[in-house]
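Written out below as structure tokens is the structure these notes cover.
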Amino acid sequence: MAASETRVLLKDLDLTGPRDLDSYRRMGGYQGLAKCLRQFTPDRVIDEVKQSGLRGRGGAGFPTGVKWGFVPKTSPKPKYLVCNADEGEPGTCKDRVLMQYNPHSVIEGCLIAAYAIAAHHAFIYIRGEFSEIAEILERAVQEAYRAHLAGTNILGTQYSCEIIVYRGAGAYICGEESGLLTSLEGKRGNPRNKPPFPAVEGLYRAPTVVNNVETLACLPSIMRNGAAWYASLGTEKSKGTKLVPVSGHVRKPGVYEIELGKITLREIIADLARGVREGHTIKAVIPGGSSSPILSADQLDVPFDYESVAAAGSMLGSGAIVVLDNTVDMVEFALRLAKFYAHESCGQCTPCREGTRWLVEILNAIHEGRGHPDDLETIQKLFETELTSICLLWSAVVMPVRALIEKFPEEFRTAIARGTPDFSRMGQPGSPVSVLAE
Amino acid sequence: MKDPHRGTVIHPRARPFAGDAYAEEPKRPESFRKPVTATIDGQSVTVEAGTTILQAAQILGIYIPHYCYHPALSIVASCRLCLVEVEKSPKLVPSCSTPVGEGQVIFTRSDKAKRAREQQMQLLLINHPLDCPVCDQGGHCQLQRYSMDYGTDDSRYRFPKRTFPKPNLGPFIDLERNRCILCTRCVRFLEEIAGNAELAVMKRGNDSLIGTFLERPLHGEFSGNTIDLCPVGSLTDKVFRFRARIWELEAKPSVCPHCAVGCNILLDSRRRTHELLRITPRTNPDVNGPWICDKGRFGFDFVNSRLRVRSPLVKRDGELKPPADGMDVIEYIVAQWKAIRDRHGPGALAGLISPRKTNESLYLFQRFFRKVIGSGNIDHRMDRVGLEDEDGYLYSIRIGARNDPVGEVRKAETIFILGSDLPNELPILNLQIRQRLRHGATLLVAHHQGGSYRDLAARYCAYHPGAEMDFLAVLFFLLVQEKNVGFPGSLIETYRDFNSAAVANRCGVAMEALQNLARALANASNATLLLGEEAWAGADGIQTVRAFADMARAMGLFNENDVGINLLLRHSNSRGAIEMGVLPHLGPGLSPADPKGKNTHRILQAAAHGELKSLFILGEDLIARYPDRALAEDALKRADFVVVADTFVHDTARAAHVFLPIATFDEIQGSYTNVSGKIQQAERVLVPLSGTATPLQLLQALARRFGAEWDTLTPPAVFDILRRESHPALPPNKMADYLPFQIRTENTEPVEGLCLQRGPLLFDRTGDVIRTPALSARSQPCTARLSPEDVGTLGLSAENSIVVESPGGRVTIPFIMDKNTPSGSVVILGEYDDLGINRLTSRGNSRVRIIQEGE
């Protein structure tokens, strides 16, 4: 029997347009929030989320309830909740589906999270390119305000929370949580050094929780149905369902929802996305967004959950699967990835600013037939600086490119050999390596 | 008082790098409570919690290389050069931003840390042009230094280097982006310290570059400090560029000659070519910290000017010419003075000296006039017209004013400034105020025009020109009410029939604004009161000081030693001139003068009437500076014998019978007393230009020729004498009670025309500025500011200049419409020696007429 989806977040999704407040409420919407506000203390909400086993869906997979628990309760400063809707990683397109078709699930999730951490401001930082979706969200927020689901005295309780939709200006790095906060403060979106982590010193140096859209959208059903229900889904350490955008060389790309650990990568590709095109074979798969290390075709029988994918040498990340078939030139693919990250590097710290461009130069040279026998060693040495940057953007390019070279070394060696110049001509005008002599 | 330095030479290569110099404030003070002990490279160190690894390592004498970190700036930890290994930490940590943790074991020189540093150095160099041979930073470059100490000798990089276009940032600073390592120290300095975020990182990733909005030139007052902060050769000194290599220079400590703060500086000179080549700040936490303003840094090239006069000049056939062969000019001057003294008595001679000269020169000047010539007609106050000998400043000393603005501002939580446009008067004090504001201090300002603090101050009151006294009278009245201290008995007479609303109306400030200000002052903790020269030097100066002191008293800012008011001065040695007794009625240490004499105004009046026969003016262009230009011109024209000693031939010099060229500030050893009374020593950097003499040499030569038995006095010897004589026996707080003051009762209704207001401007065009190309290029054009209403009423078109006209003369200048200028006023800021603005204020006039040029 072919594996199938398990729909929680995407349940009864109507693709004709955004679900409005009335139909959202008819389907049980805002009951979770009402239960929180009327029956639960904020600490109880945090406990529920801890028990549910929900892990952050943005990429790192950190337990959500634990993250909330880091917010210092005694701090005299205001607390902030920020919804990270700056979805921008190549291959990842899951959050937009939620915001576009079910915006109230995100808003309700924001309010539950804000209540749990005693925040009275929730910001939804949405990438600027999603202008249409931002409008949908803004309209939904207005609906929520009109229905007293946001603003002062929500649902007639003592709890008040403002929701602000803030549009970014088109930088991938603003999806990195500290870069996002800096951008939200109105500054250039440079990531910050950690520690201090946002939970202690975030937006305006006040305690802040940054959660991904999908994470927050999980909260209404957890609150409505209880932590035990959610924990019954998935595996021991990977609870619940996960949105999985599948793209690349498949016949039916799209966003699927699966129960974690109950389906393998191969099943997702073959059964949900209908496999690769006729006459082609899978060459490799990126299992968790463009920054996760690539898996080769023989590694696909791994159950799709955090631990199993990590055990296979990659990471679940955002859950975005990119399928590459046998037509892909891995050097070109590495170059394309490197170019993306070089373009999106904020440029503040040395290894990433200089390293991303250097990497592009080398890969470009190899790709164009100007490779040098030392190039792979140079890349390897360059990658030694992986953990010296401020944020993870530099790692985000090092990890996949390193994996590509490790898994497909022959392709790189062949490309270099094709371009290895005649060293007897070295230094002469027009020689590809004339720069060496300069 | 401290003994003067005697011959300190700081080798350029031995001086600390800007980044290593000085911590403005300890970082993260909120956690400075409990001790933390850690081990760094095998040595144990205990620091306060919150101390970073880099700081803790410094305590142990372990140097950790860094580019972006600077103790005075916020921490970004972006260069990644200071990475160290911490046991049990999977990643290397940036030591500049990571606080020491209890029990941590830290390795700054482990293989992993060293390797990381090598890699960062390699990455920083892959796009650096390595154009060290033509780079001004060569020889004191952190990139060179770290390449030697922490880098490797090869690079694996084999691609073309990234290049950027070169912008023009104005006359002071050269930006070479290709050399930039994006440490952002310059960006953070301008934003955090200078308060004008003119530089920013533009674009992103590998295209990131330092730039200004639309590539405009820099306009701040402190941009030069970015040159010191830049660890590489990206921001270099345009004035110094290509004139010398760093190792040719000899640096000596000196004191900035421009304003009364007396920033500590290093003068870099090259003896071989007798040139002063560069000025850099000398860190002094009590005065300027590690910063100086652009005027101080770039305002020196006049000393190298070819226009400097190199021999005495004597007037023959109406023109100044070198003396005839064999003529002894000193002998000639002394003979003339002796003849005048014999015929008309010593009171027919008078001397005026610039308050920018050293204490030693000022002291000998007054001693020469009083003891050798026997005349008490001396003064140093040449930029204001005052009929009285006493002024607000001298009065403040008598009542025991604190007069330590530099020290007070440093620790104040509330700063109230009355009557000073500080950013244009004492820029470094402005910088310190901005830093205080960053730390949560409150700024309250009252000024008579659209001053620079209008946007920065929590409360800003703009009163009518000259209405300081009215303003203070109401403010004090409201303050006493707010403080609820009971109305002082000694002031009941002062406030008889006082109508606060009417007086507030007369000074042009809304009652509500005054009330808010009074409330802010009443609730202020740790307040500092600053009184500008405009307020204490006016006709009501003494009354203003009395009212100001009363305010301090009402706020509790007094003790048995002093009363907490701080008067501001403008010139580099104004305070020294007072303490040296260059005053008509007071001698050294404010002792009664013997003999007494006339002040500047009375000297000039007497000379204009032919009663005073000879003037000796040292170091000042009196005609350009004195507000009553016509009187100064008349006086010099009418006097029988005028001697002027200065660096250049200016209007005053042209009116002289004998001109004596003197040495510039870099060629004079001596001491200066700053606005806070701090006596600071400046060393002689170069020998006086041949043919010139120091004021000290000049005065001694004149005295000896007069037959005075003056030994050969070196500056230190004079300092020893003046230290004994001139230390003012300051009275303890003499404010036994509130001081009564007078409130004018008459209404000063405008007569006709517009009221001309003058004020200081940092980048104006005085004689020295005109002869300093960089400063001249930076100087702002002279403009008249007019209110939009007046522009409308007068029907002025912005395309053409206007003629500002008074009975004393006319000037043609452009105007700008300024909504902060009160209607009925025309504001002309700054001194423009080439335009002679003070023609307009001749004969005490303050009214002008404005017509469009060409009408």
Practice task
Mind checking B:87-94 for the average number of partner chain beta-carbons within 10 Å of each residue's beta-carbon?
Solution key: 2
Exercise for the section: Hey, could you grab the Kirkwood Rh for chain B? Inverse mean 1/r over distinct alpha carbon pairs, Å, one decimal. Expected result: 29.2
Practice task
Take every Cα pair under 8 Å in chain B that's 6+ residues apart, average their separations, divide by the length, and report that relative contact order as a whole percent.
Solution key: 13
Exercise for the section: Take the alpha carbon atoms of segment A:165-201, find their center, do the same for segment A:229-272, and report the distance between the two centers in whole angstrom. Expected result: 29
Fill in the blank from the handout: Percent relative contact order for segment A:21-231, counting Cα pairs under 8 Å at least six residues apart, stands at 32
Practice task
Could you compute the FRET efficiency for A:LYS194 and B:ASP153, with r as their C-beta to C-beta distance and R0 at 25 Å, rounded to 0.05?
Solution key: 0.15
Exercise for the section: Using the structure shown, select from A:LYS50/A:LYS94; B:LYS321/B:LYS637; B:LYS114/B:LYS203; A:LYS262/B:LYS88; A:LYS50/B:LYS112; A:LYS77/B:LYS483 the pairs with a Cα to Cα distance greater than 27 angstrom. Expected result: B:LYS114/B:LYS203; A:LYS262/B:LYS88; A:LYS50/B:LYS112; A:LYS77/B:LYS483
Fill in the blank from the handout: Rounded to the nearest 10 degrees, the helix A:103-116 long axis (Cα) sits at an angle to the longest Cα principal axis of chain A of 70
Problem - Förster radius 35 Å - calculated FRET efficiency between B:ILE721 and B:GLU250, Cβ distance, rounded to 0.05 - result: 0.75
Handout entry: Accessible area (Å², 1.4 Å probe, nearest 10) - B:PHE763
Key = 10
Handout entry: Potential lengthening between A:ALA2 and A:PHE70 on full extension [0.36 nm per residue; Cα-Cα distance subtracted]
Key = 20.3 nm
Completion exercise
So, with points 7 Å from each Cα along the Cβ direction, the B:ALA798-A:GLU377 label distance in nm works out to 6.6
Practice task
Can you give me the P(r) profile for segment B:676-834? Cα pairs, bins 5 angstrom wide beginning at 0, each as a whole percent.
Solution key: 1, 6, 9, 11, 10, 10, 9, 10, 11, 11, 7, 4, 1, 0
Practice task
Mind grabbing the accessible area of A:CYS349 for me, 1.4 Å probe, Å², rounded to tens?
Solution key: 10
Exercise for the section: Give, in nm to one decimal, the length gained when the segment between A:ALA60 and A:ASP301 is fully stretched (0.36 nm per residue of separation minus the Cα-Cα distance). Expected result: 84.5 nm
Handout entry: Relative contact order, percent, chain A [alpha-carbon distance under 8 Å, six or more residues apart]
Key = 16
Practice task
Express in nm, to one decimal, how much length is gained between B:HIS439 and B:LYS411 on full extension, taking 0.36 nm for each residue of separation and deducting their alpha carbon distance.
Solution key: 9.0 nm
Practice task
Please arrange B:MET202, A:MET27 by accessible surface area, largest first, computed with a 1.4 Å probe and ligands excluded.
Solution key: A:MET27, B:MET202
Practice task
Taking the dipole about the Cα centre of segment A:107-249, with the C-beta of Lys and Arg at +1 and of Asp and Glu at -1, give me whichever of A:GLY168, A:LEU203, A:MET223 is farthest to the positive side.
Solution key: A:LEU203
Fill in the blank from the handout: The FRET efficiency for A:GLU384 and A:ARG413, from their Cβ-Cβ distance with R0 = 35 Å and rounded to 0.05, is 0.95
Problem - Exposure of B:LYS338 as accessible area (Å², to 10), given a probe of 1.4 Å and all protein chains - result: 70
Problem - Most to least accessible of B:LEU307, B:LEU124 (protein chains only, probe 1.4 Å) - result: B:LEU307, B:LEU124
Completion exercise
Nearest 10, in degrees from 0 to 90: the angle of helix A:350-367 to the longest Cα principal axis of chain A is 50
Completion exercise
Mean shadow area (nm²) of the C-alpha convex hull around segment B:408-565 is 8.9
Exercise for the section: Considering only A:LYS242, A:LYS73, A:LYS339, give the residue with the highest GNM mean-square fluctuation for chain A, with springs between Cα atoms whenever their separation is below 10 Å. Expected result: A:LYS73
Problem - Backbone N within segment B:32-53 under 18 Å of label point (7 Å from B:SER89 Cα along the Cβ vector) - result: B:36-53
Practice task
Of the DSSP beta bridges with both residues in the protein assembly as shown, give the percent that are antiparallel, rounding to the nearest 5.
Solution key: 50
Fill in the blank from the handout: Here, A:THR327 and B:ARG310, labelled 7 Å along Cα→Cβ, have an inter-label distance in nm of 8.3
Completion exercise
Descending accessible area (1.4 Å probe), largest on the left, turns B:THR163, B:THR673 into B:THR163, B:THR673
Fill in the blank from the handout: Place a point 7 Å from the Cα of A:LEU155 in the direction of its beta carbon; the residues of segment A:114-148 whose amide N falls under 20 Å from it are A:114-123, A:140-148
Handout entry: Cα→Cβ-extended label distance, 7 Å offset, between A:ALA169 and A:ARG44, nm
Key = 4.5
Practice task
Relative to the longest principal axis of the C-alpha atoms of chain A, give the angle of the C-alpha long axis of helix A:131-146, reported between 0 and 90° and rounded to the nearest 10°.
Solution key: 10
Fill in the blank from the handout: With +1 at each Lys and Arg Cβ and -1 at each Asp and Glu Cβ, the charge dipole magnitude of the protein assembly as shown around its Cα centre, to the nearest 20 debye, comes out at 1140
Exercise for the section: With N set to the residue count of segment B:537-621, report its C-alpha Rg divided by 2.2 N^0.38 Å to two decimal places. Expected result: 1.41
Completion exercise
Averaged over the residues of A:387-400, the number of partner chain Cβ atoms within 10 Å of each residue's own Cβ comes to 2
Exercise for the section: Express the Stokes-Einstein translational diffusion coefficient of chain A in µm² s⁻¹, to the nearest whole number, given a Kirkwood radius over alpha-carbon pairs, 10 °C and a viscosity of 1.306 mPa s. Expected result: 70
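The values are calculated or read from the model by the stated rules, or taken from the named source; none is laboratory data. Because the structure is a prediction, the values reported are computed rather than measured. FYI the Cβ positions are ideal-geometry reconstructions off the backbone, even for glycines, and counts take in every protein chain you see. Ligands, DNA and RNA are excluded from the accessible area calculation, which covers all protein heavy atoms including side chains. Shrake-Rupley method; radii C 1.70, N 1.55, O 1.52, S 1.80 Å.
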